[in-house]
Structure formats: structure tokens, C-alpha cells
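Notes for the one structure printed next.
The values are calculated or read from the model by the stated rules, or taken from the named source; none is laboratory data. This structure is a prediction, so every number in the text was calculated from the model and none was measured. So basically every Cβ, Gly included, is an ideal-geometry build from the backbone, and we count neighbours across all protein chains shown.
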Amino acid sequence: MLKVLVIGGGAAGMMAAISAKNHGADVTVLERNNRVGKKILATGNGRCNYTNINLSINNYHSKNPKFPYSCLSKFGVDKTMDFFEQLGITPAVEENGKVFPLSFQSSSILDVLRFELEDLGIEVITDAYVVDIRKEKNFVLTLNNKEKIYGDRVILATGGNAAPSTGSDGNGYALAQKLGHSIVEVFPGLVQLKLDGDLFNQVDGVKFIGTAGLYEGNKLIKEDRGDILFTNYGISGPPILQLSRAALEYLYRGKNVELKVSIIDTKTQEELYDYLIYRFSFMAKKTVGIGLIGLINKRLILPILKEMGIDKNKQIAHLTNEEVKKLSQVLTDWRFNIIGSKGWRDAQVTAGGVLTDEIDNSTMESKLIKGLFFAGEIIDVDGDCGGFNLQWAWSSGYISGRNAALK
Ligand SMILES: Cc1cc2nc3c(=O)[nH]c(=O)nc-3n(C[C@H](O)[C@H](O)[C@H](O)COP(=O)(O)OP(=O)(O)OC[C@H]3O[C@@H](n4cnc5c(N)ncnc54)[C@H](O)[C@@H]3O)c2cc1C
């Protein structure tokens, strides 16, 4: 019987282990933490958005964007939902196709995976930090306590660099490099953005439903709508996370990108101008600071007026058309320079990773080292927010496990 060693007991590693065992291998999972699946508990705000019924290849990013297609088509959303349903997870489909366990507890996903590992008799060794990997006739792994572990096949599922407190701190890249693999430069994905400016302490905590767009000059790169939150460092919220990968990729390439924030996105700038003229027509005696109450979040009024150079105590009757135009512009199109992100600690996923050219996407086996397989976030594949990253972990985990078990 083939001995398959899975390095990393995260989503991808557990799925790979179950798949390898179900296809006839003798499997051991090596996990550096004192328990498996720590990151799963944090997913989906503790609810675990484990897949998405609207999945398409366009939800994935990589130097080779077609790379994930093979795994996703062989073990996709339906098979994943069936797999988890067999383990006891009743799916709940929420907005935008996001799928959660009906218990809305991420611990349910982790529990059923742990029970399955146990039921199948898969050996799980925790506190097992793999620090070295060599291929002689077979694979030789060295743990940080110097213990050696031997196997016929290895599945590298150590995750990326995001949320390092969960165990995935990028050390897996060094293991891949030891065996000759190349790493596509990594940077945080699905992360809050830091913006240039000194008004953020004043607007920290202000939330609104609006649109955020990413611009290189006048060219729209990507936009998204939903709950947006100003913070003391910049900006957060689901639309920002969705734009963050593209924003940071531009920044890392040394390009300038701007964030356009539309606090009011239900009117064009011209429509808002006409509306402000109408609105102000029955408020002539009020100050502009008071005249904006009820239109936008109160805490935004003073910072916006300051930014526009308009005195908050100016009577509306004395506002010039130019000033009303400025207001309609900033409320529909407020521009900020993006200067960075909150970093790895807050990132949900890693962009970049093991170069896909060196992996056979139909089996997930290394093209350089026979018997070495990859699964999950360690590979240069990352998905949008919405269940796509866990789906990649399940799909690549399943395919790598099945093929690692084949004689
Ligand atoms: C806060 C947060 C929320 C998220 N929410 C969602 C969501 O709702 N839906 C979604 O699809 N995705 C979500 N993601 C992303 C998703 O969780 C990850 O993409 C996915 O878990 C990656 O799985 P993985 O198994 O490849 O890596 P990981 O889950 O990172 O697992 C890697 C494992 O390997 C272990 N390890 C690392 N190095 C070694 C070593 N040398 N030796 C032994 N063990 C090692 C680590 O301790 C870890 O347990 C979220 C991520 C975060 C941080």
C-alpha cells in the first residue's frame, strides 16, 4: 500500500487525506498546530462560506488563470456539496450564491472533517512542523524535533501567507523551493486597504452602502457595490476586499491606482447636482453643515466640507453653483490614493504561490518531482470573496489525494 504524507492539516490537506485514503492509500497528516483546521473556524465570520453555486473560472486569479479549471470541473460545487451533505452538512444558499452549513457554524465543517479522518483511520500527527523535505528513493521529511518521516508520496498543503496566526506563514514555499519549484511573488489578497489622507480618524467607523471602483487614470479596472466602512487607516467592507487583489497587484507593479468611492451611487453626478439645487431651495436659511443632515452619514459632513474648502457655517443661500457642483462630485466620486493594505495578518488569502507551469493541473502532481503533489492556497491560485477559496482547497485537495493514491 502506498504511504501518502500530507503536509498541512487545513481545508486542502484534510480533503486530500480523505480522498487519498478513499482511493486506497495509507495516509498520514502532519500538522504543525496542536489541532487541524484552525483557519476553517475563522472563515465566513465564523459561519464558513464553504462554496458558491455561481462559481465560474472568472472568480479565480493566477498567472495562468485557466489552471484551476481542470480540478474545478472534476470536483466542483455539486460534488463538494454532495460530499459535505454525506458527512452531515445541510447546505444553506445565501445571497450571491454563497453556501454555508445550515447550522451557520464553521465548527460544523471542521467537526465533520475531523470525524471523517478518524472514521477512515487516517493518522493525524499534530505539533508536527515539517522543516525539511528531500526526495531520495522515497520522500524523507524532517520535523523540527529532528524526527524523520518516510513516505512514497507527499502532498504539500501548507497554505499561503495569509492569517499567519492560523499556521500558514509562508514556510511551505521554502519546502517547495527545496525541491526545485519556483514561487510567483506573493502579496495579500482580500484585505482592507490603506488610503492616503489625514481625515480617517474623523470618519473611522462610518458605514454606508455605496460603490467602490478601482481606476488607473480614467480607466475603470473593477468595481463593486455593498457595505463600505471607513476606518482609521483607510477603508474596509466586502466591495473593498473584492477590489484589493487588483489594487495591490497594480501597486506592486509600481502603477498608481485610485479608489473612487461613491457614497451616493443611486444618482449620477448631474442628477445629484439637480437634486441638491432642489433640496437647498427649501433650506436657504440653514447652514450647509446642517443642510446635508439626512442625506449622508452625519459624521461625513464636516470632513467632506473641509475637504471641499467650504465653511460649514456658510448659509445655503450663499453657496455658489460651483460649490454645489463640488459637493455633487465628491458625494458620487470621491477619489483616494491607495498606499497599501492592512497586510498579511488581516488578509484572507494569498495571491501568488507555487508556479502553476510546474504542476500538472489534471493530477496536481509536480512536473519536476515525481510523487510530489500540491493542494490549496500554496499554489498560485486565489479566488474572489464568496466561498471560492475554500472550493479551490476542496477541489485541488480531492484531485491531489486521488492521484497521489494511484499506483
Ligand atoms: C479570516 C478568514 C476568513 C475566510 N473566509 C473564507 C470563506 O468564508 N470562504 C472561503 O472560501 N475562503 C475563506 N477564507 C480563505 C480560506 O480559508 C483559505 O483559502 C483556505 O482555508 C486555504 O486552505 P489550505 O488548506 O490551502 O491552507 P490553510 O487553511 O492555511 O492550511 C494550511 C495548514 O498547514 C499547516 N502548516 C503550514 N506549514 C506547515 C508545516 N511546515 N508543517 C506542518 N504543517 C504546516 C498550517 O498550520 C495549516 O493548518 C478565509 C480566510 C481567512 C483568513
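Counting residues in region 119-127 that are within 12 Å of the ligand (Cβ to nearest atom), touching a Ser or Thr at 6+ places or on another chain (Cβ under 9 Å) and among the hydrophobic types (A, V, I, L, M, F, W, C) gives one or more. State whether the residues of region 226-237 include one that is outside any loop (DSSP other than H, G, I, E, B) and loosely packed, with under 15 Cβ neighbours inside 10 Å. Within region 226-237, one or more residues are outside any loop (DSSP other than H, G, I, E, B) and loosely packed, with under 15 Cβ neighbours inside 10 Å. Determine whether residue 280 is part of a strand (DSSP E or B) and either on the phi < 0 side of the Ramachandran plot or crowded, with 17+ Cβ neighbours inside 10 Å (or both). Criteria not met by residue 280. Evaluation of residue 348 against the conditions (1) modelled with pLDDT of 95 or more; (2) out of contact with any strand residue (DSSP E or B) (no Cβ under 9 Å at 6 or more places or on another chain) shows that the sole unmet condition is (2).
In the set (1) outside any loop (DSSP other than H, G, I, E, B); (2) farther than 30 Å from residue 250 by Cβ, residue 9 fails one condition alone, (1). Annotation note: Cβ proximity below 6 Å between a residue of region 18-34 that is more than 12 Å from residue 117 (Cα to Cα) and a residue that is assigned to a helix (DSSP H, G or I) and modelled with pLDDT of 95 or more (sequence gap 6+ or interchain) occurs for 23/402; 23/405; 24/405; 25/405. As for region 97-109, it holds at least one residue that is of a type in the set (D, E, K, R) and within 14 Å of residue 43 (Cβ to Cβ).
Provide a single number: the residues in region 90-133 that are touching a Leu at 6+ places or on another chain (Cβ under 8 Å) and not small (Gly, Ala, Ser). Full working, then the answer.
Let us first name the residues in region 90-133 that are touching a Leu at 6+ places or on another chain (Cβ under 8 Å), namely 90-92, 97, 106-107, 110, 112-113, 115-116, 124-125, 128-133.
Adding the requirement that they be not small (Gly, Ala, Ser) leaves 90-91, 110, 112-113, 115-116, 124-125, 129-133.
Of the residues in region 90-133, 14 are touching a Leu at 6+ places or on another chain (Cβ under 8 Å) and not small (Gly, Ala, Ser).
For residue 131, the conditions (1) assigned to a strand (DSSP E or B); (2) on the phi > 0 side of the Ramachandran plot all hold with the exception of (2). The test for being near the ligand (Cβ under 10 Å from one of its atoms) and more than 16 Å from the chain's Cα centre (by Cα) does not hold for residue 231.
Quick one: is residue 104 outside any helix (DSSP H, G or I), within 14 Å of the ligand (Cβ to nearest atom) and either within 24 Å of residue 59 (Cα to Cα) or under 24 Å from the mean Cα position of the chain (by Cα) (or both)? Spell out the reasoning first.
Numbers: outside any helix (DSSP H, G or I): yes; within 14 Å of the ligand (Cβ to nearest atom): yes; either within 24 Å of residue 59 (Cα to Cα) or under 24 Å from the mean Cα position of the chain (by Cα) (or both): yes.
Yes, satisfied.
From the set of residues in region 39-58 that are in contact with a Phe, Trp or Tyr (Cβ under 8 Å, 6 or more places away or on another chain) and more than 10 Å from the ligand (Cβ to nearest atom), which is farthest from residue 187 (Cα to Cα)? Taking the candidates together, the pick is 55.
Of all the listed residues (85, 94), the sole one being surrounded by 14 or more Cβ atoms within 10 Å (Cβ to Cβ), without any contact (Cβ under 8 Å) to a residue 60 or more places away in the chain and of a type in the set (D, E, K, R) is 94. Residue 220 meets the stated requirement of being on the phi < 0 side of the Ramachandran plot, surrounded by fewer than 21 Cβ atoms within 10 Å (Cβ to Cβ) and within 22 Å of the chain's Cα centre (by Cα).
Selection of first residues in region 172-184 that are of a type in the set (A, V, I, L, M) and of second residues that are at pLDDT below 95, restricted to Cβ pairs under 8 Å at least 6 apart or on distinct chains, gives an empty result. Scanning region 40-65 for residues that are touching a residue at least 40 places away in the same chain (Cβ under 8 Å) and either in a loop (DSSP other than H, G, I, E, B) or more than 15 Å from residue 388 (Cα to Cα) (or both) yields a count of 13. Once region 60-101 is narrowed to residues that are farther than 27 Å from residue 239 by Cα and of a type in the set (A, V, I, L, M), the residue that is farthest from the chain's Cα centre (by Cα) is 87. Could you please find all residues in region 7-35 being within 15 Å of residue 394 (Cα to Cα) and near the ligand (Cβ under 9 Å from one of its atoms)? 8, 9, 10, 11, 12, 13, 14, 15, 16 - these are the residues of region 7-35 that are within 15 Å of residue 394 (Cα to Cα) and near the ligand (Cβ under 9 Å from one of its atoms).
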